[in-house]
1. Show the residue pairs that are 6+ apart or on different chains and have beta-carbon atoms under 6 Å apart, the first residue being within the range 179-196 and free of Cβ contacts under 8 Å to residues at least 40 places away in the same chain and over 15 Å from Thr217 (Cα atoms), the second being surrounded by fewer than 14 Cβ atoms within 10 Å (Cβ to Cβ) and not charged (D, E, K, R).
2. Determine which single condition Val171 fails, assuming it passes every other condition in (1) without any contact (Cβ under 8 Å) to a residue 40 or more places away in the chain; (2) in contact with a Leu (Cβ under 9 Å, 6 or more places away or on another chain).
3. Check Leu118 against each of (1) within 14 Å of the chain's Cα centre (by Cα); (2) surrounded by fewer than 23 Cβ atoms within 10 Å (Cβ to Cβ); (3) in a loop (DSSP other than H, G, I, E, B) and name the one condition it does not meet.
4. Suppose we filter Leu183, Leu194 for residues that are within 30 Å of Gly77 (Cα to Cα) and out of contact with any His (no Cβ under 6 Å at 6 or more places or on another chain); which single one remains?
5. Are there any pairs with C-beta distances below 8 angstrom linking a residue in the range 1-22 that is at pLDDT 95 or above and assigned to a loop (DSSP other than H, G, I, E, B) to a residue that is surrounded by fewer than 15 Cβ atoms within 10 Å (Cβ to Cβ) and among the small types (Gly, Ala, Ser), with the two at least 6 apart or on different chains, and if so which?
6. Only one of Asp165, Asp201 is among the acidic types (Asp, Glu), touching a residue at least 12 places away in the same chain (Cβ under 8 Å), crowded, with 18+ Cβ neighbours inside 10 Å and closer than 18 Å to Leu85 by Cβ; which?
7. Limited to the range 160-214, what total is found for residues that are over 23 Å from Ala122 (Cβ atoms) and among the aliphatic types (A, V, I, L, M)?
8. Do we find that Ser39 is modelled with pLDDT of 95 or more, polar (S, T, N, Q) and not in a loop (DSSP other than H, G, I, E, B) in this structure?
Amino acid sequence: MPASPSAPPVPGVPPWPDPEIGHWVTVPPRGGEEPPLESWLSLPPAGPPRAGVLVLPEIFGINPWVRSVAGRLALAGYAALAVPLFSRSAPGLALGYDAAAVQEGRSHKDRTTATALLADLARAADWLAGAQPGLPVGLGCVGFCFGGHVALLAASLPQLRASCDFYGAGVVTGRPGGGAPSLEGVAASPARLLCVCGSEDPLIPPGEVAAIAEALTAANAHRPPSEGHRLLTLPAGHGFLCEARADFRAEAAADGWQALLAFFAETLGEGPMARAAV
């Protein structure tokens, strides 16, 4: 199982950058009790970014795999900012994938609220747009596991044009901090959504996949066909995109990466064309 940049590449999956592409940056608070956001910024090695993207981690924080995702997006031409989701309870969190890490990560997840998460992401989006003058208006977002759940919530932010939720469990039944399930907000979300689920994922059973499909279809009735939300179900379990996890599934990961990059290319566009379209 590939778990590091020294492992053999997987056909169809962008290679794990070695050395890492990027550096740590601090998104400052705007005031009040907001915490600084210790984030990882990856920029294209050559030329200006084609667009900006927020990367939302699993419950394990901005660990080497999440940083590798930002680096791979940078190699595809994007300014990618990996944003912490637990800045209030565990700034700087970067865990592995063992049982103790799962327990620790879930303990921090249970302390989050949708309101605080969305405020942090709005701040991060504004910071990225300001730090990279000339980016097309409207960012992308991609999240994994709990970050996928938050990516679905983030589609409500006016700063985003596209958001991709990879196996974001719990959107049908709950919301960080309580309240109506996150999926209920899809109808009012201005950003375009791509939801990617594994057909063998025990955390998103078939009934919940069907509910996601129904919600996206209902929302699409009020959107132009070219801006419709999408659901992609792949033959895999939970966490299948991550080479560092036992659930990694090479073929599904390749299909997932292809779908993500195509979605961003189609929705975020490139440079002047994207600016003119907004």
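1. Once the first residue is free of Cβ contacts under 8 Å to residues at least 40 places away in the same chain and over 15 Å from Thr217 (Cα atoms) and sits in the range 179-196, its partners that are surrounded by fewer than 14 Cβ atoms within 10 Å (Cβ to Cβ) and not charged (D, E, K, R) give Pro181/Thr173.
2. (1)
3. Every condition holds for Leu118 apart from (3).
4. Leu194
5. Trp16/Ser4; Trp16/Ala7
6. Answer to the check: Asp165.
7. So the count comes out to 10.
8. Here the answer is yes, as Ser39 does meet what is asked.
The values are calculated or read from the model by the stated rules, or taken from the named source; none is laboratory data. If you're wondering where the values come from, they're calculated on a predicted model, not measured in any experiment. Every residue, glycine as well, gets a Cβ built from its backbone with ideal geometry; the counts of neighbours run over all protein chains shown.
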